[in-house]
Amino acid sequence: MNFSEIENIEKQVVAAEYEERNYYLPMFEEYIAREHRKEQSKENPFVYFYSDVIADEIAYDFQPILGDKAYKNASEDAQSCLSICDELLKLSSYSATGWLQNALKFADNIVLHYIQDVCKETPKKYDNAGIEKSRYIQLCEKSGDISVAGANLKELYELRNKFEHRTKTNSDGTQELIRPQKNKARYTIVKLYPIALKKILQTYKSIL
């Protein structure tokens, strides 16, 4: 909806009879709520994004813990996600993988802080795993909530890779592109990513 359309709805709400008002008012209120969410996301994308994903108030200040640089980087990654979809539950199957790429980067800012600053460890490199996947495996080796976060992030990272590498080579040397299962991917993202952020939050609340 553009501004003139909203202005028209507002006039109709004011002028309408009771029955008509009940029709127009929810549309107007939804627009106002959506615009309010957008403004909130601009003010503090880190908090808005985290709270939206876990469907709860974050009630924890990551900024002094992560430091200005990591917090700023994470906020920019959060804003990248929000520019694709400002509500996780409204994420479309067509946008899910692009959203996931930025969402993993968001989580990585916290994951690296946990490994290096909380655990005082150097990030490991595991066989048959790249730098990013190795971080999640390292979390999986821990105990408690953070290991669950690591397992979920590892699975989501592997899901992202499947969407980036979709070429199948046949026995005769010919190649074909595998059609991605976008609806299944969205379901997995919406299921696993909130759990990962919840477990990370619970871990930080318990130790810092």
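What follows is calculated from the coordinates using simple rules that are stated; it is not laboratory data. Here the structure is a predicted model, which is why all the values come from computation and not from measurement. Cβ sites come from the backbone with ideal geometry, for glycine too, and all protein chains shown count toward neighbours.
First measure r as the distance between the Cβ atoms of Asp117 and Asn183, then evaluate 1/(1 + (r/R0)^6) with R0 = 30 Å and state the FRET efficiency to the nearest 0.05.
Values: r = 38 Å, r/R0 = 1.28.
After rounding, the FRET efficiency stands at 0.20.
Please work out the FRET efficiency for the pair Lys72 and Asn128, using the Cβ-Cβ distance as r and a Förster radius of 30 Å; give the result to the nearest 0.05.
Details: r = 33 Å, r/R0 = 1.11.
Here the calculated transfer efficiency is 0.35.
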